[in-house]
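Below is one structure, written out as structure tokens; the observations come after it.
Coordinate-derived values only; no laboratory data. Computed from a predicted model, the values in this text were never measured in an experiment. Ideal geometry is used to build each Cβ from the backbone, glycine not excepted, and the neighbour counts take in all protein chains shown.
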Amino acid sequence: MRTISRALVLTAALALTACATLMGGPEDVTRADTLTDALRTDADLMYVSASVRGDRAYLSGWVPNHFERRKAEAMAEKVPGVRHVYDSTGVGSNDHGPRS
């Protein structure tokens, strides 16, 4: 009985650790907020979304050209604690933006 209890506790602890890793902690939220605030200062980057997990920043969305894509990556690289940037932003026209 005691062995089963220990196994259940260990399994629960591992599951909670995995969830915390996938969801990110408070530091990840702070880094993501910092990056999002930086991106919002540039009108050409308003369709870029950012998330942070540990030392990795993830960018997605749309930018008008490669110069703006690189600018978003540079902003992510400047966030304290971020060591790797994974950029999946699309370049070119954005069908999801406002229409004129």
Pair Met46, Phe67: separation of 7 Å Cα→Cβ label points (nm): 1.9 nm
Once amide H atoms are built 1.01 Å from N in the peptide plane, which residues 5 or more positions from Tyr86, or in another chain, come under 5 Å H to H? Ala57, Tyr58, Leu59
Here, Asp55 and Val91, labelled 7 Å along Cα→Cβ, have an inter-label distance in nm of 2.8 nm
Which percent, to the nearest 5, of DSSP beta bridges fully inside region 24-91 are antiparallel? 50 percent
